[in-house]
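The values are calculated or read from the model by the stated rules, or taken from the named source; none is laboratory data. Remember, it's a predicted structure, so these values are computed and weren't measured experimentally. With ideal geometry, Cβ positions are generated from the backbone for all residues, glycine too; neighbour counts draw on all protein chains shown. Quick note on the areas: whole protein, heavy atoms, side chains included, nothing else; ligands and nucleic acids left out. Shrake-Rupley method; radii C 1.70, N 1.55, O 1.52, S 1.80 Å.
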Amino acid sequence: MQRVMPEHSAALIAAAGKPAEPGFFDPTQKIGELSILERVITTFQKAGIHEIVIVTGFAAKKIERHLSRSRVICLRNDSWKNSDLFASAKIGFSYLQDHCEQLLFTPVNVPLFSVDTVTQLLAAEHSACVPVFCGKEGYPLLLKRPVLKEITEYSGSEGLFGALALAGGIASIEVGDQGILLNLQNSKLSPETLAPYLRQPVMPLLSLALIREKIFFDEETCLLLNLISRTHSVRLACQQMNLSYSQGWRLLNRLEHHLGSPVIERHQGGKDGGWSTLTEYGFIFLERYMLMHRQLDLVMREKFEELFSDVLL
């Protein structure tokens, strides 16, 4: 039986893209100091979301190389030539539906929404909601676990919003953020238009590592263990986080050396080939690290507000 360790919140970015689409652009190109993809990822991370999934298609290898040190999960839509945004979204929904309580979804071409908008959506009580600015709907969408299964099973022709209509509809959340509407695929935005969205507010960002003489466990290794627990494959886990197979095993061997106990249970051969999972000790260790990370993140944000609210604009 697979053991599931849900994250509180996750984020899904669709970046499969088609070069033949009008307005197609390269999501690795920079806007300000960050690439378009990095900008969306950073916004989610500042809002406290630590599990971020990117669905790639066209130029998948280029995007994966670009994000190789970003601690994100990359899934591929191998049928990107003959599919649409909803098809890419369903790949991510299917992957995440058992591993998060709620997720935020955006296509990569809408990258300029604010951290405040993300936190406002995360606090919503609706099972599905869309941000609205001056009467117009934008991204990201908030989707909670109960509706994800219904969306992934939808086979109609009305796309994501058709699936949401059958799942009970979607609530509107008024936000004071025009960035939810700025679509880089359909608009030629001037530097003057972009300028207000490039200066993000200062926010704390937690990076937690465990150390003896040297660091032996951090967020990269945490992601690797999480993916092994889901995929039952070290190779596939490494592939999804853009890590070489040999480097993945170096991280695992270093971890087991410092802990003095195995965290990976290996099963060789059999009808369907070998597979791997976490040992009971590995699950407990991972759960404790993730719990510590979440609790420290909350304390950090409270202290940041207390100490910096009057000195930062």
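Observations
- Contact map, region 277-294: first residue touching a residue at least 12 places away in the same chain (Cβ under 8 Å), second residue part of a strand (DSSP E or B), Cβ cut-off under 6 Å, separation 6 or more or different chains; pairs are T277/E265; T279/E265.
- Selection from region 26-79 of residues that are in a loop (DSSP other than H, G, I, E, B), within 24 Å of A209 (Cβ to Cβ) and open to solvent by less than 30 Å² (accessible area, probe 1.4 Å): A47, G48, I49, L67, S70, V72
- The residue pairs whose first member lies in region 258-275 and is among the β-branched types (V, I, T) and modelled with pLDDT of 75 or more, whose second member is part of a loop (DSSP other than H, G, I, E, B) and open to solvent by less than 30 Å² (accessible area, probe 1.4 Å), and whose beta carbons are closer than 6 Å, counting only pairs six or more residues apart or on different chains, are V263/T279.
- Test for L141: is it open to solvent by less than 40 Å² (accessible area, probe 1.4 Å) and under 18 Å from V118 (Cβ atoms): yes
- Filter pass, D116 being part of a helix (DSSP H, G or I) and either modelled with pLDDT of 95 or more or not basic (K, R) (or both): yes
- Region 169-197 - residue that is surrounded by fewer than 17 Cβ atoms within 10 Å (Cβ to Cβ) and acidic (D, E) and, of those, nearest to T117 (Cα to Cα): E174
- Those residues of region 157-168 which are within 22 Å of the chain's Cα centre (by Cα) and open to solvent by 50 Å² or more (accessible area, probe 1.4 Å), in sequence order: F161
- Across region 93-134, the qualifying residues are those that are among the polar types (S, T, N, Q), out of contact with any strand residue (DSSP E or B) (no Cβ under 9 Å at 6 or more places or on another chain) and over 23 Å from G57 (Cα atoms), and the one among them that is most open to solvent (accessible area, probe 1.4 Å) is T119.
- Among the residues making up region 226-253, those that are among the small types (G, A, S) and either open to solvent by 60 Å² or more (accessible area, probe 1.4 Å) or in a loop (DSSP other than H, G, I, E, B) (or both) are S233, S244, S246.
- Close pairs from region 229-242: first within 16 Å of A60 (Cα to Cα), partner in a loop (DSSP other than H, G, I, E, B) and open to solvent by 30 Å² or more (accessible area, probe 1.4 Å), Cβ under 7 Å, at least 6 apart: C238/S244; N242/S68
- Residue match in region 287-295 (condition: of a type in the set (F, W, Y), under 22 Å from I52 (Cα atoms), at pLDDT 95 or above and open to solvent by less than 70 Å² (accessible area, probe 1.4 Å)): yes
- Lone unmet requirement of (1) open to solvent by 50 Å² or more (accessible area, probe 1.4 Å); (2) more than 21 Å from the chain's Cα centre (by Cα) for Y154: (1)
- Residue pairs meeting the criteria (Cβ under 8 Å; at least 6 apart or on separate chains; first open to solvent by less than 90 Å² (accessible area, probe 1.4 Å), in region 198-221; second assigned to a loop (DSSP other than H, G, I, E, B) and among the basic types (K, R)): E219/R71; E220/R71
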